[in-house]
Every structure is written in C-alpha cells, then in structure tokens.
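The values are calculated or read from the model by the stated rules, or taken from the named source; none is laboratory data. Please read these numbers as outputs of a predicted model, since none were measured by experiment. Cβ sites come from the backbone with ideal geometry, for glycine too, and all protein chains shown count toward neighbours. Please note that ligands, DNA and RNA were not included when accessible areas were found on the heavy atoms of the full protein model with its side chains. Shrake-Rupley method; radii C 1.70, N 1.55, O 1.52, S 1.80 Å.
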Amino acid sequence: MSGLSFTTPTDAELDREAERLLKALLHVECDPRGKKWNHQTCREIAPITLEINHLKKEKDAVLLTHSYVEPEIVYGVGDFKGDSYFLSLKAREAHAKIILFAGVVFMAETAKILSPDATVIVPDRASGCSLADSIDGAGVRKLKALYPDATVVCYINSTAEVKAESDVCVTSGNVYAIVANLPAQRILFVPDRLMADNLRDELQRRGIAKEIISSDGTCMVHDQFTTAQVAAARAQFPGLKVVAHPECTADVAAVADFVGSTGAMMKYVKTTPAPYFLMLTECGLVGRLEVEAPEKHFIGGCRLCPYMKLNSLEKIRDALRAPRPDQIVTLEENLRRRAATCIERMFALTPSE
Ligand code: 13P
Ligand code: SF4
C-alpha cells in the first residue's frame with residue numbers, strides 16, 4: 001500500500017474528526033499565530049490529521065511530540081507528548097518501523113541513538129537548538145584536554161557527537177539528582193552555562209561540594225526572562241506562582257516558586273492551588289496546560305522557540321508519505337554506540353519516582 005491509498009474523507013468523517021480535535025483545542029488560548037480553534041478551523045485541518053493518522057498505521061510509525069510544538073500536532077496526531085526524558089524513554093521502547101519526532105533535531109538524533117533499527121524522521125532539518133548548536137565534538141575535546149580529571153556531563157540538548165564525547169547525559173528532570181551522586185569532584189558540564197549556574201546553586205543548597213565548569217551555551221528562549229518581569233507580575237497578581245525551567249538564569253530561578261523540567265512544571269501547576277501562574281518557558285507549554293488544566297489561569301510572559309515552531313502538519317504528512325533524505329536521521333555506527341553508552345548511563349542513574 002502507498003500513501004495514495006488514503007481515500008478522500010466524507011463530510012461525516014470530517015465532521016467527526018473536527019469534533020475530536022475540538023475537544024482538546026477548544027481550550028487553547030495561548031496561540032502565538034492568533035489562531036482561534038472552533039468547529040470550522042478544526043474542520044480545515046481534519047483532512048490532514050486524518051491522513052497523518054492513516055499513514056501512521058499504514059507505515060507502522062509512531063509520532064513523538066515535544067510539548068512546545070503546535071497544539072494541533074500534539075493533540076491531533078501525536079502518540080506520545082512530553083519532555084525530553086519521557087520522549088527518549090518512549091523512543092527507546094518503540095517497536096515501530098518509523099519514529100517521527102515532532103521536536104528538534106537533537107531529539108530525533110537521540111531517538112536514532114536509542115532505536116537504531118527504526119527509520120527516524122525529523123520534519124524540518126533546520127529545527128536546531130541554540131544550546132545544541134553552541135558546541136561540537138571538537139569543542140568538547142578541547143575542554144577535556146584542559147580538565148582531564150573532570151567527569152563530562154552533557155545536557156540532552158546536545159548533538160550526538162557531543163554525547164559521544166561525554167561520560168553521562170542528563171535532562172532538565174534528572175540533572176540535580178545525577179550530578180549530586182557522581183563520585184567526581186570536578187564536573188565539566190556542556191552546553192548550558194545557565195543550567196550549570198543553577199546546578200552549582202542547587203548542589204550548594206544540598207551541601208555538596210563540587211566544582212562545575214561549563215561551556216558557554218544558553219537557550220535563546222529561556223535566557224530572556226528577567227527578575228524585573230517576575231517582580232512586575234507579582235506586584236500585579238497577588239498570590240501568583242512563578243514556574244521556571246532550569247535553562248533560565250540563576251537570578252530568575254532564585255525568585256521562582258518552582259523550577260523543573262517541562263514535565264515537572266506541568267505537574268506542579270496541576271497540583272498547586274493558586275489564582276495565577278507565570279510560566280517562564282516556551283508558549284507551547286501554556287497551550288498544553290490550557291488543555292489539561294483548563295481551570296487554571298496563566299498570565300503573559302512566555303516566549304516562542306523558532307525551531308520548535310518549524311514543525312507543521314503539512315511537513316509531517318509529506319515526510320510520512322515519502323521522506324526526503326534530509327528528513328531521515330543517520331549516524332555513523334561507532335559514534336552512535338558511544339552516544340548510546342552516555343545516554344544509557346543516564347537511564348541507569350536516574351532515580352525512580
Ligand atoms: P524539557 O526536557 O524540560 O522539556 O526541556 C526541553 C527543552 O528544550 C527546553 O527548552
Ligand atoms: Fe533549544 Fe531553547 Fe528551543 Fe529548547 S526552547 S529547543 S533549549 S532553543
């Protein structure tokens with residue numbers, strides 16, 4: 001069978017699909033495109049969500065979606081949605097022939113590292129990441145030569161080459177726990193300088209003496225939030241809870257009520273009674289919370305990741321119909337194995353919840 005076997009849906013099928021989409025999308029207010037979701041706008045995308053869901057079955061594909069991508073992708077066609085840690089576990093467990101990653105390139109590379117037999121597809125090869133793009137393997141090798149006794153810890157927002165040069169990988173959800181338990185006193189942390197600052201502060205709070213040396217990358221979304229924004233929001237909205245990602249500056253993290261991965265941020269909001277929340281992260285997470293915690297109120301402040309926003313239903317459909325070579329992730333096998341060792345150490349060292 002080929003993608004062409006998908007037959008044009010009837011009006012009744014399109015109406016049913018529009019109703020299915022609307023159940024989730026109805027609640028999304030934080031849409032940077034200014035899109036309003038109603039029966040009509042859901043019906044407009046129904047032909048394409050129906051085709052993508054048909055192609056997934058036909059081609060044995062699983063679709064992993066990071067919470068920052070557009071809500072019609074997360075709720076319309078995604079099989080699993082979440083943060084980097086959750087999605088890398090899902091990629092490792094996947095038995096599908098095809099893994100399509102609606103996220104950014106380093107996430108798709110991680111899926112390929114963990115599921116080498118699957119064809120891993122990234123809808124847009126230009127979906128980089130200011131952190132992952134800030135240092136390459138040669139850059140890590142230079143730092144290792146300067147600090148030969150350090151244990152090299154890489155944030156998952158890094159290339160496969162950087163992971164292959166590192167001892168252990170971490171995510172925003174397990175970074176503190178993993179580094180706190182490493183025997184080494186000196187840690188070389190790449191590529192996020194701000195997460196390294198937050199890590200230093202957290203280890204100090206826990207009374208753990210370690211030297212954290214870092215490279216100089218930052219997330220272009222999270223490095224923009226300021227303490228002045230937080231102070232202004234608190235003055236305007238008494239009782240406000242400020243929820244930050246560890247890619248924010250240490251000053252911002254210090255004035256937040258909660259700091260954690262996007263998955264942990266969602267859990268905090270869902271379980272914390274408060275009149276208002278300020279989410280110091282990418283806008284997509286607010287969209288997810290509007291759907292999954294519609295009783296909560298969010299005030300402005302979130303920003304867009306231009307890379308995550310390169311994903312679209314059209315690109316996903318076209319890649320599933322017939323991926324272009326640039327949409328298929330390939331890795332040299334020796335490099336993949338070394339990167340896999342680094343990520344598997346992360347799974348082994350992550351405390352169970
Ligand atoms: P999470 O793993 O917390 O979702 O973070 C990924 C990311 O890219 C944050 O900017
Ligand atoms: Fe990278 Fe920041 Fe975009 Fe996350 S939000 S993918 S860290 S640029």
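Out of residues 5 or more away from TYR155 or on other chains, whose amide H comes under 5 Å of its own, with H placed 1.01 Å from N in the peptide plane?
VAL170, VAL190, ASP192
Please sort 344-350, 163-169, 320-326 by packing, taking for each peptide the average over its residues of neighbouring beta carbons within 10 angstrom, highest first.
Ranked by mean Cβ neighbours within 10 Å, highest first: 163-169, 344-350, 320-326.
With both partners inside the range 142-292, how many of the DSSP beta bridges are antiparallel, as a percent to the nearest 5?
0 percent
So, R0 is 35 Å and r is the distance between the beta-carbons of THR8 and ARG324; what FRET efficiency does that work out to, to 0.05?
Once rounded, the FRET efficiency stands at 0.90.
Which whole-Hz ³J(HN,Hα) couplings does the range 258-268 yield from phi under the Karplus relation 6.51 cos²θ - 1.76 cosθ + 1.60, θ = phi - 60°, glycine and proline marked x?
The phi angles translate into 8, 10, x, 4, 4, x, 5, 4, 5, 5, 4 Hz.
Using Cα centres only, tell me the gap between the range 168-234 and the range 14-85 in whole Å.
Using only Cα atoms, the two centres lie 34 Å from each other.
Putting +1 on Lys and Arg Cβ atoms and -1 on Asp and Glu Cβ atoms, find which of SER172, GLY207, MET195 reaches farthest to the positive end of the dipole of the range 153-209.
Value: GLY207.
Show me 204-213, 235-244 ranked by packing, highest mean number of other Cβ atoms within 10 Å first.
235-244, 204-213
For the range 282-293, in order, what is each residue's ³J(HN,Hα) by Karplus, 6.51 cos²θ - 1.76 cosθ + 1.60 with θ = phi - 60°, in whole Hz (x at glycine and Pro)?
For the range 282-293, the Karplus curve yields 6, 3, x, 5, 5, x, 5, 5, 4, 6, 9, 9 Hz.
Given a 1.4 angstrom probe, what's the average accessible area per residue across the range 1-64, in square angstrom?
Accessible area per residue, the range 1-64: 57 Å².
Select from GLY78, GLY173, GLY34 the residue whose mean-square fluctuation is largest in a Gaussian network model of the chain (Cα-Cα springs shorter than 10 Å).
Highest fluctuation of the listed residues: GLY34.
List the pairs from LYS36/LYS56; LYS81/LYS142; LYS81/LYS112; LYS112/LYS210 whose alpha-carbon separation is above 25 Å, in the order I gave them.
In this structure, LYS36/LYS56; LYS81/LYS142; LYS112/LYS210 exceed 25 Å between Cα atoms.
For the chain, what is the calculated [θ] at 222 nm in deg cm²/dmol (nearest 500), taking -39500 (n - 2.57) for each run of four or more DSSP H residues and dividing by its residue count?
Rounded to the nearest 500, it is -13500 deg cm²/dmol.
For the chain, what class follows from the C-alpha gyration tensor (a ≥ b ≥ c being the square roots of its eigenvalues): rounded when a/c is under 1.5, otherwise prolate if a/b is larger than b/c, else oblate?
Judged from the Cα gyration tensor, the chain comes out oblate (a/c at least 1.5, b/c at or above a/b).
I'd like the Karplus ³J(HN,Hα) series for the range 214-219: coefficients 6.51, -1.76, 1.60, θ = phi - 60°, whole numbers in Hz, and an x wherever there's a Gly or Pro.
Whole-Hz 3J(HN,Hα) from phi for the range 214-219: 9, 7, 10, x, 9, 7.
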